Amino acid sequence: MRGKGKIMKTVEIYTDGACSGNPGPGGYGVILRFGTKEKELSGGEATTTNNRMELTGVIVALEALKEPCKVILTTDSKYVVDSVTKGWLSSWRRNGWRKRDKSPALNADLWQRLWPLLQTHDVTFVHVRGHNGHPENERCDRLAVARRNEYMNKT
């Protein structure tokens, strides 16, 4: 794939989020893969929601890329996948981060961080069922849960 006159690298990204309570302590896990190289990232927050952790994982992964890439992003979050692929994100942005019913779009701060990343990278979203034996999704879940648990143990 070409981007601005040069061939773009293809990177596989896997993400997952976890949260206990909604809101509650949460975490995200990410795997970035380029050829045979892999990198894991994870983080969390003391008070968050599952959707915020799912979205944060995607953002952190894309922010970690050092140049525009072709990305195959696999997640179990229908919230993230549908928001982008069904055009909801574009609509919220066009409408001043408001939904069709004029109420504020949820997590607008994170969607605003994601938007320019989606303009920089050529991202294809792939949805997988969570907790269904997908090796990378299960690994991301373990990373997310471990970070969530760090916040649970602090209370």
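Bear in mind that the values in this text are calculations on the coordinates, not laboratory data. None of these values were measured; they are calculated from a predicted model. Ideal geometry is used to build each Cβ from the backbone, glycine not excepted, and the neighbour counts take in all protein chains shown.
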The number of residues in segment 109-124 that are polar (S, T, N, Q) and farther than 16 Å from residue 92 by Cα is 2
Checked against (1) within 22 Å of residue 131 (Cβ to Cβ); (2) touching a Phe, Trp or Tyr at 6+ places or on another chain (Cβ under 8 Å); (3) not in a helix (DSSP H, G or I), residue 55 satisfies every condition except (3)
Subset of segment 106-145, residues surrounded by fewer than 20 Cβ atoms within 10 Å (Cβ to Cβ), aliphatic (A, V, I, L, M) and either free of Cβ contacts under 8 Å to residues at least 12 places away in the same chain or touching a Phe, Trp or Tyr at 6+ places or on another chain (Cβ under 6 Å) (or both), comes to 108
Taking segment 30-52 and keeping residues farther than 21 Å from residue 130 by Cβ and in a strand (DSSP E or B) leaves 34, 37, 39, 46, 47
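Across segment 81-99, what is the number of residues that are free of Cβ contacts under 8 Å to residues at least 24 places away in the same chain and part of a helix (DSSP H, G or I)? Don't jump to the end; show me each part of the working.
Going through segment 81-99, the residues free of Cβ contacts under 8 Å to residues at least 24 places away in the same chain turn out to be 82, 86-88, 90-99.
When the remaining residues are screened for being part of a helix (DSSP H, G or I), the result is 82, 88, 90-94.
Within segment 81-99, residues that are free of Cβ contacts under 8 Å to residues at least 24 places away in the same chain and part of a helix (DSSP H, G or I) number 7.
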Would you mind stating whether residue 97 is among the aromatic types (Phe, Trp, Tyr), more than 30 Å from residue 133 (Cα to Cα), surrounded by fewer than 22 Cβ atoms within 10 Å (Cβ to Cβ) and out of contact with any strand residue (DSSP E or B) (no Cβ under 8 Å at 6 or more places or on another chain)? no
